[in-house]
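I have placed the structure first, in the form of structure tokens, so that the comments after it can refer back to it.
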Number of protein chains: 2
Amino acid sequence: MSHSSKPIIGIIAGAGPYAGIDLLQKIHDQTIASRDQDHLTIIGWFQPNAIPDRTAFLLGQAAENPGEAIAGQALALAQAGAAVAAIPCNTAHASKIFKRVEERLANAGNPLIFLHLIRETGCFLQAHFPGAKRVGLLATAGTYQAGFYPALLGAFGVEVIVPQDEAVRRGIQAAIADTRFGIKATGSGTPQARGWLDAGITALQHQGAEAIILGCTEIPIMIQEREIAGMPIIDPTLILARALIREAAPQQLKPYPASSR
Amino acid sequence: MSHSSKPIIGIIAGAGPYAGIDLLQKIHDQTIASRDQDHLTIIGWFQPNAIPDRTAFLLGQAAENPGEAIAGQALALAQAGAAVAAIPCNTAHASKIFKRVEERLANAGNPLIFLHLIRETGCFLQAHFPGAKRVGLLATAGTYQAGFYPALLGAFGVEVIVPQDEAVRRGIQAAIADTRFGIKATGSGTPQARGWLDAGITALQHQGAEAIILGCTEIPIMIQEREIAGMPIIDPTLILARALIREAAPQQLKPYPASSR
């Protein structure tokens, strides 16, 4: 195997950091390798304090566009050698934020390939779950409010359903971001967080969902099942891991589905 | 909390990559933080294909000193902004390898602080397990052969015991590096790997060990217990995580012992 010529993968890993670690783990799990030296070159850039809260910006509670900091970290990764990059944060892919990242990279004239988490998810659904036409979205308040998921996945022929009950949406937000019991604060989640996520899944199934998208990268840290109540569970972090390997070393991408470890 | 002035942590994370991920996880778990932005700035540099097998070098089966590549990656981390760095690989701390790293950094005139995994472990034992005078070492063939652990921990008043039975030592090596069932190849380990590690722990206890050091950073991926058969289990990766936080943001270091998540 020739190693040195493979593109280097850059990960903006701090938003949030446990999601960054989850992506790093999944890249390694999805790579065909039997010894250290077979694994890919990856730079994980954890600089969370520089990236303002995405949800607060999308809800109009904060003025600073997180896209500025994300672009800055993408350029730092390119400077360090990365040729392909991504950020494992769904909310960062709201147009208001992601377009700012793209503008900044274009203005810098940087050739970095920056993958798009949601478009990769649409692409994956078409390939592997062509029957899933109505998918339920578990996500942060910012992602629901910004409404970019329905538009982006609509282009792939997928209808996105969000929980109608506002209490359920608030519960999902708390499961992610509550500073006492949420996944961001605990790194793994708590029974209370899991309870809110399960309530969201049940509500979405009652509304007609045929599959569930874990539309915040903290959620797959807590929900590791591939199927719940007969519905496939779609993990964009896993999809992004596979897309990054596809760009850097397609011959080392494990077949899908494969055992995750 | 002031963020921007905290030193950046650099991790040489590719030797092996699952140990690198384990260290990243443990740094976050040991940091006092309740939201993304509270976490530290860390660059995880995964470039395993550039670092030759440490054990093969120490056993005389390969000529190239891995210290050259490790120093190169340390300098790349410094270039990207890191002020304090470490490599979560015990075997890399054999003098033949680690001295080469230090020489290269000194020659480059680089002010990077490079922590020493084994000395940090000795320091930790003195502070938290002052009664443990005879500790058993689970490690790779290269670490046993190079014999740096007894000398380094001897300076801290700790006697290091290694398994007398060569079959047990070979089993531990296989648990780590076997390309079918070992931890490096599977990312999490298998019952067969666990069986060999347990056999090593039992043998060391029979030889008089009062505590067990997980002397290869792949092992704590599989052995997460804090105590086995009445003996404390010492995890150098956890110790290194805490030492890195101590250097970068001591006020955010959780008390020890704390729940790990």
- Within the range B:62-73, which residues are over 13 Å from B:THR91 (Cβ atoms) and in a loop (DSSP other than H, G, I, E, B)? B:ALA63, B:GLU64
- All-but-one check, A:ALA151 against (1) outside any loop (DSSP other than H, G, I, E, B); (2) free of Cβ contacts under 8 Å to residues at least 24 places away in the same chain; (3) within 14 Å of chain B (Cβ to nearest Cβ), failing number (3)
- Message: Name the residue that is nearest to the other protein chains (Cβ to nearest Cβ), counting only residues in the range A:59-73 that are touching a residue at least 40 places away in the same chain (Cβ under 8 Å) and out of contact with any strand residue (DSSP E or B) (no Cβ under 9 Å at 6 or more places or on another chain).
- Response: A:PRO66
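Of the residues that make up the range B:174-187, is at least one assigned to a loop (DSSP other than H, G, I, E, B), touching a helix residue (DSSP H, G or I) at 6+ places or on another chain (Cβ under 8 Å), more than 16 Å from B:ILE221 (Cβ to Cβ) and among the acidic types (Asp, Glu)? So that I can check it myself, show each step before the final result.
Looking only at the range B:174-187, we keep the residues that are assigned to a loop (DSSP other than H, G, I, E, B), and these are B:178-182, B:187.
Keeping just the survivors that are touching a helix residue (DSSP H, G or I) at 6+ places or on another chain (Cβ under 8 Å) gives B:178-179, B:181-182, B:187.
Checking the rest, the ones that are also more than 16 Å from B:ILE221 (Cβ to Cβ) come to B:179.
Subset that is among the acidic types (Asp, Glu): none.
No.
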- Evaluation of A:ALA76 against (1) facing chain B (nearest Cβ under 9 Å); (2) buried (at least 22 other Cβ atoms within 10 Å of the Cβ); (3) in a helix (DSSP H, G or I) (one fails), failing number: (2)
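Looking at the structure I just gave you, is B:ALA209 outside any loop (DSSP other than H, G, I, E, B) and either buried (at least 20 other Cβ atoms within 10 Å of the Cβ) or at pLDDT 95 or above (or both)? Outline the logic, then answer.
Numbers: outside any loop (DSSP other than H, G, I, E, B): no; either buried (at least 20 other Cβ atoms within 10 Å of the Cβ) or at pLDDT 95 or above (or both): yes.
It is false that B:ALA209 is outside any loop (DSSP other than H, G, I, E, B) and either buried (at least 20 other Cβ atoms within 10 Å of the Cβ) or at pLDDT 95 or above (or both).
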- Message: Let me confirm something: among B:ALA56, B:ALA19, which residue is of a type in the set (A, V, I, L, M), part of a helix (DSSP H, G or I), more than 8 Å from chain A (Cβ to nearest Cβ) and surrounded by fewer than 24 Cβ atoms within 10 Å (Cβ to Cβ)?
- Response: B:ALA56
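Mind listing just one residue for me: the one in the range B:107-135 that is more than 17 Å from the chain's Cα centre (by Cα), outside any strand (DSSP E or B) and touching a residue at least 40 places away in the same chain (Cβ under 8 Å) and, of those, surrounded by the most Cβ atoms within 10 Å (Cβ to Cβ)? Steps first, please.
Initially, the range B:107-135 is screened for residues more than 17 Å from the chain's Cα centre (by Cα), giving B:107-112, B:126-134.
Imposing the further condition that a residue be outside any strand (DSSP E or B) reduces the set to B:107-112, B:126-133.
If we keep only those that are touching a residue at least 40 places away in the same chain (Cβ under 8 Å) too, we end up with B:112, B:128-129, B:131-133.
Numbers: B:LEU112: 17, B:HIS128: 13, B:PHE129: 15, B:GLY131: 8, B:ALA132: 20, B:LYS133: 13.
Top of the filtered list is B:ALA132.
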- Message: Quick test for you: out of A:ASP29, A:ASP38, pick the one residue that is at the interface with chain B (Cβ under 9 Å from one of its Cβ atoms) and more than 22 Å from A:SER188 (Cβ to Cβ).
- Response: A:ASP38
- Within the range B:169-186, identify whether any single residue is more than 19 Å from B:ALA19 (Cα to Cα) and surrounded by 14 or more Cβ atoms within 10 Å (Cβ to Cβ), and answer yes or no. yes
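Can you spot a residue in the range A:85-106 that is at the interface with chain B (Cβ under 8 Å from one of its Cβ atoms) and either surrounded by 18 or more Cβ atoms within 10 Å (Cβ to Cβ) or within 30 Å of B:PRO52 (Cβ to Cβ) (or both)?
no
The values are calculated or read from the model by the stated rules, or taken from the named source; none is laboratory data. Please read all numbers here as calculations on a predicted model, not as lab measurements. Neighbour counts are summed over all protein chains in view; Cβ atoms, including those assigned to glycine, are modelled from backbone coordinates with ideal geometry.
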